[in-house]
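Below is one structure, written out as structure tokens; the observations come after it.
What follows is calculated from the coordinates using simple rules that are stated; it is not laboratory data. Keep in mind it's a predicted model, so treat the numbers as computed, not measured. FYI the Cβ positions are ideal-geometry reconstructions off the backbone, even for glycines, and counts take in every protein chain you see.
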Amino acid sequence: MSVNRQAVATPGRSKVSLETIPVVHPEAGVHKVGGRWMAATMDDRLHTFEDQEGVSEVGERIVELIDGKRSVAEIVSVLVGEFEVAREVCEADALEFIEDLVEKQVLVCR
């Protein structure tokens, strides 16, 4: 599957680009609990940020970097500086992750 570096768009999903500024959904709560990030959404769901290996440090770092000021590109720049990852891979993964959080109504995008 090829991912456009500028945006990820899937039928029925919103388009998130590197210029997008993600913010916490106004009806969601995102907090650190017991040292781990968690999100509660208006549908009474509790979301944690995990991958196949358990807690995702990168996923939690993305959530931590979402401040309503940084664009996805700026978040990616921080991640590339902190983790051993190619920019192209980081961009694709960050776009997909943020898109998933928008779909789950944890985030909205400006």
Per-residue ³J(HN,Hα) for the stretch 19-25, Karplus 6.51 cos²θ - 1.76 cosθ + 1.60, θ = phi - 60°, Hz, x for Gly and Pro: 7, 4, 10, x, 9, 5, 4
Once you keep just the Cα pairs under 8 angstrom separated by 6 or more residues, what percentage relative contact order results for the chain? 38
Residue-normalised 222 nm signal for the chain, counting each DSSP H run of n ≥ 4 as -39,500 (n - 2.57), nearest 500 deg cm²/dmol, is -10500 deg cm²/dmol
Which of E27, E84, E96 ends up with the largest GNM mean-square fluctuation for the chain, with Cα atoms connected below 10 Å? E84
Could you derive backbone 3J(HN,Hα) for the stretch 36-49 from the dihedral phi with the Karplus parameters 6.51, -1.76 and 1.60 (θ = phi - 60°), listing whole Hz in sequence and x where the residue is Gly or Pro? 10, 7, 9, 10, 10, 10, 5, 8, 6, 9, 10, 10, 10, 10
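Tell me the trypsin sites (Lys or Arg not before Pro) within the stretch 28-73 that lie in a loop according to DSSP and have at most 13 other beta-carbon atoms within 10 Å.
On the way: sites: K32, R36, R45, R61, K69, R70; in loops: R45, K69, R70.
When the trypsin sites (Lys or Arg not before Pro) of the stretch 28-73 are filtered for loop state and at most 13 Cβ neighbours within 10 Å, R45, K69 remain.
If each residue of separation counts as 0.36 nm, what is the full-extension length gain between L18 and E84 once their alpha-carbon separation is subtracted?
Length difference between fully extended and current span is 21.8 nm.
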